[in-house]
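The values are calculated or read from the model by the stated rules, or taken from the named source; none is laboratory data. If you're wondering where the values come from, they're calculated on a predicted model, not measured in any experiment. Reconstructed Cβ throughout: ideal geometry from the backbone, glycine too, with neighbour counts over all protein chains shown.
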Amino acid sequence: MPQLAFANSFWETYDQLEKQVRSGVRKAMSKFQQLSIAELYADKGLHLESVDKARDARMRTIRITDFWRGVVLAPDDGSDIFLLLNVVPHDDAYTWAAKRLYTVNTATRALEVRNVVAIEQLTPPLEQAAANAPVLLFEKHSDTVLRDLGIDDQVLRAARAISDRAQLEAFGSLLPEDQFEVLQYLAEGFSPEEVYRDVVAERRPADQSSEVDDSLARAITNTRTRITLVTSPDELAEILDKPFAAWRVFLHPSQRRVAYRVSYNGSAQVTGGPGTGKTVVALHRVKHLLSRSPDRRVLLTTYTNALARALRENLAFLLDDDEQLARVQVTTVDAFANRVLREHAGRVLSPISDNDGRQIWRRVCRQQNLPWNEQFLASEFRHVVLAQDVRTHDEYLKVERRGRGSSLRAAQRSQIWSAIEAFKAELRSAGKTTHLQICGEAADVLAGGEHQYDHVVVDEAQDLHPAQWRVLRAAVKAGPDDLFITGDPHQRIYDSRVSLRAVGISVTGRSSRLRINYRSTAEILAWSTRLMADVAVDELSGDGGDTLVGYRSLLHGGKPRLAGFPNEQAEVAAIAGWARDLIAQGVPAADIAVCARFNLTLDKVFDQLTAEGIPAVRVRDQPGADVDGVRLATMHSMKGLEFRCVAVIGVNEKALPFAKEITPPDVDLRQYESDLLKQRCLLFVASTRAREALAVTWSGTASPFLPAGAERQVWD
Ligand SMILES: Nc1ncnc2c1ncn2[C@@H]1O[C@H](COP(=O)(O)OP(=O)(O)OP(=O)(O)O)[C@@H](O)[C@H]1O
């Protein structure tokens, strides 16, 4: 009986196939487990046939449905593993198969694929351009060095003509995988010795003593990082049911470099635009830290409970080792602070919601007849008092009100201080407090105590407030690898301004940036980054500005759909139609998300979808991955999530910016600007959740955050 294996190129498309095609795949695959090789070739339904003019004589196609074909690499050397490469529409299958060549890497002994036709076509023009290039990317490495790392003749010729990293990335999808990875590492500045150790030696099979077995089957079993070998029918079913997670195995060198650096001599920071794999890097860093010694304990934090749950699941997926998993605590900073007070001080505190907080400020304003509104006072409390840990009236009189755009005389400060005291007193009498106050107290409790953790890894760091940073700082002893911080300042949606240095965290000389987006198509990214084109954004650590320069995606797809509607009813109806069309095209409802600024808008979408028989669920109800239904979420709760198709709706001038949350410019100009920025970031976050398709809609007048000309778009 032959054996069956799947190449990673297969998984890239399998997740997106329609149900009927998937079931065709299962049926065809089960034949490989039931029939002999001779029977496979004779099977009428499978139609295992060679590909005309194929550059690789082992290429075969098989029938999946009337319209879909599988592409298979068939052994021709007496070995018995068939490798399923791809499932593609009939005509594309032959073109795809004809151009590809599978070879065994001379250094790693693994099977690799190249688009041999495209490399042949593209190398000569690249060489012509290279003749005038001032520098070439690999000029400092000799042919011998490159060959020792597994680079073969065709790739060597192409590599010699590449002048920069962007060209290498653009060429990358055509090149054999291990060879491309070697070139990426060299381009990132790793030495040939490091590349040999990290890429080649890691993959090269240990048993090199006997003469080399160059059968296809051996090459396939040597290619663990890209090929899954199926050993039983149960395993086949399991593999085809389980989503394939490339991030577990394939890290880009720029990701691997930061995640697996042996040690940082202090805190380290990783920034990058949406979808660049910051969370993936944080997870791999946890794995690295845990494996350094059997007694290391790690605290991994993120912003919301939903994200913490996702991190926990993904970490279990990555580690596959219960002992290591037991040494990690995954939680939000607020939950961690709460636990500290409960366990160390025996105090159980209940925090109020933002909404309740606003109401108390409003009451205090009225009672004390103050000339400031509740928005101003809440910001003063958050950005000055809690941020700088101001505890007394005297301290408040002297404090430098960093980041505030209004000046206050001493008498005004006293007035505000008494409002703050009244706010706190009202909370106390109701037996309540705020999340940030809990963090402040927890930091006090932890300071000077025993450290429970050896390392703290922080994801979604851009929204943490200085009080939250203080708890994290106090949770781990200052020293090598104390904090590993990932975040994106362009996704700051809670207006937390922080100077990490001021809370005792320095990342100087230990900051890196990720630039390749793995989530969204270049078209979605281009549109989304335009939203942020003309605004200045502060760095994560508070030292200088952040930039999206060099941020790019290698994926391609359709352009975002934008359109305005005369009223909300028409908009909601159009969105229901959009979801219905996607589902009809085979996109599972759970891969579609509709998000809006307000829950009220989502209620209307929910009603419309359910009236049309389209299942819908709220993200806030935390539906499991197996629950069917279009996901409905507010823009805030889209943070950190991703979906194949996303509609951002209600993007009109009343919602974005939402006037109630904007400090008037005459009250505090800087606060006004940062209130506006935070709402612009919200639209950026929502738009960058989409992997393949993005729709942005509004009714009435479009939001001023949308790029000029948006209002002329029509919904076709
Ligand atoms: N090396 C990789 N190979 C394949 N997929 C990857 C890789 N790195 C990241 N991804 C995928 O890219 C997507 C985005 O990754 P991740 O969520 O880690 O990005 P992020 O930078 O944290 O995003 P955001 O800031 O928008 O929340 C995920 O689907 C992840 O699985």
Can you list residue pairs whose Cβ atoms sit under 7 Å apart, with the first residue in segment 678-700 being under 11 Å from Ile592 (Cα atoms) and touching a residue at least 40 places away in the same chain (Cβ under 8 Å) and the second being of a type in the set (Gly, Ala, Ser) and within 13 Å of the ligand (Cβ to nearest atom)? Count only pairs 6 or more apart in sequence or on different chains. Ala690/Ser520; Arg691/Ser520; Leu694/Ser687
Just give me the residues in segment 271-289 being aliphatic (A, V, I, L, M), near the ligand (Cβ under 9 Å from one of its atoms) and touching a helix residue (DSSP H, G or I) at 6+ places or on another chain (Cβ under 7 Å), in sequence order. Val280, Val281, Leu283
From the residues in segment 655-694 that are in a loop (DSSP other than H, G, I, E, B) and hydroxyl-bearing (Ser, Thr, Tyr), which one is modelled with the lowest pLDDT? Thr663
Do we find a residue being exposed (fewer than 15 other Cβ atoms within 10 Å of the Cβ) and more than 16 Å from the ligand (Cβ to nearest atom) anywhere in segment 306-320? yes
Do the conditions hold for Gly545, that is, is it within 25 Å of Arg296 (Cα to Cα) and surrounded by fewer than 20 Cβ atoms within 10 Å (Cβ to Cβ)? no
Can you find, within segment 17-32, the residue that is nearest to Glu112 (Cα to Cα) among those that are of a type outside the set (D, E, K, R) and surrounded by fewer than 16 Cβ atoms within 10 Å (Cβ to Cβ)? Ser30
Selection from segment 490-505 of residues assigned to a loop (DSSP other than H, G, I, E, B), more than 12 Å from the ligand (Cβ to nearest atom) and basic (Lys, Arg) yields Arg497
Selected residue [exposed (fewer than 15 other Cβ atoms within 10 Å of the Cβ) and over 32 Å from the mean Cα position of the chain (by Cα)] from Asp77, Asp43: Asp77
Residue that is modelled with the highest pLDDT [pool: residues in segment 232-248 that are within 8 Å of the ligand (Cβ to nearest atom) and either outside any loop (DSSP other than H, G, I, E, B) or under 24 Å from Leu472 (Cα atoms) (or both)]: Trp247
Give Ala533, Ala563 a once-over and let me know the one that is more than 15 Å from the ligand (Cβ to nearest atom) and in a strand (DSSP E or B). Ala563
Subset of segment 635-654 (residues that are in a strand (DSSP E or B) and more than 16 Å from the ligand (Cβ to nearest atom)): Ala647, Ile649, Asn652
Within segment 195-206, take every residue that is in contact (Cβ under 8 Å) with a residue 12 or more places away in the chain and among the basic types (Lys, Arg) and give me the one that is surrounded by the fewest Cβ atoms within 10 Å (Cβ to Cβ). Arg204
Hey, can you tell me all the residues within segment 179-194 that are surrounded by fewer than 24 Cβ atoms within 10 Å (Cβ to Cβ) and over 22 Å from the mean Cα position of the chain (by Cα)? Phe180, Ala187, Gly189, Phe190, Ser191, Pro192, Glu193, Glu194
Gly577: assigned to a loop (DSSP other than H, G, I, E, B) and without any contact (Cβ under 8 Å) to a residue 24 or more places away in the chain, yes or no? no
Checked Gln33, Gln16 against criteria (assigned to a loop (DSSP other than H, G, I, E, B), of a type in the set (S, T, N, Q), modelled with pLDDT under 90 and out of contact with any Cys (no Cβ under 6 Å at 6 or more places or on another chain)); the one match is Gln16
What residue, of Gly550, Gly586, is part of a loop (DSSP other than H, G, I, E, B) and free of Cβ contacts under 8 Å to residues at least 40 places away in the same chain? Gly550
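Conditions tested, residue by residue: (1) modelled with pLDDT of 90 or more; (2) within 16 Å of the ligand (Cβ to nearest atom); (3) acidic (Asp, Glu).
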{"residue": "Val471", "(1), (2), (3)": "yes, no, no"}
{"residue": "Lys477", "(1), (2), (3)": "yes, no, no"}
{"residue": "Phe484", "(1), (2), (3)": "yes, yes, no"}
{"residue": "Asp488", "(1), (2), (3)": "yes, yes, yes"}
{"residue": "Val507", "(1), (2), (3)": "yes, no, no"}
{"residue": "Leu514", "(1), (2), (3)": "yes, yes, no"}
What are the residues in segment 249-265 that are more than 12 Å from the ligand (Cβ to nearest atom) and either polar (S, T, N, Q) or modelled with pLDDT of 95 or more (or both), if any? Ser263, Asn265
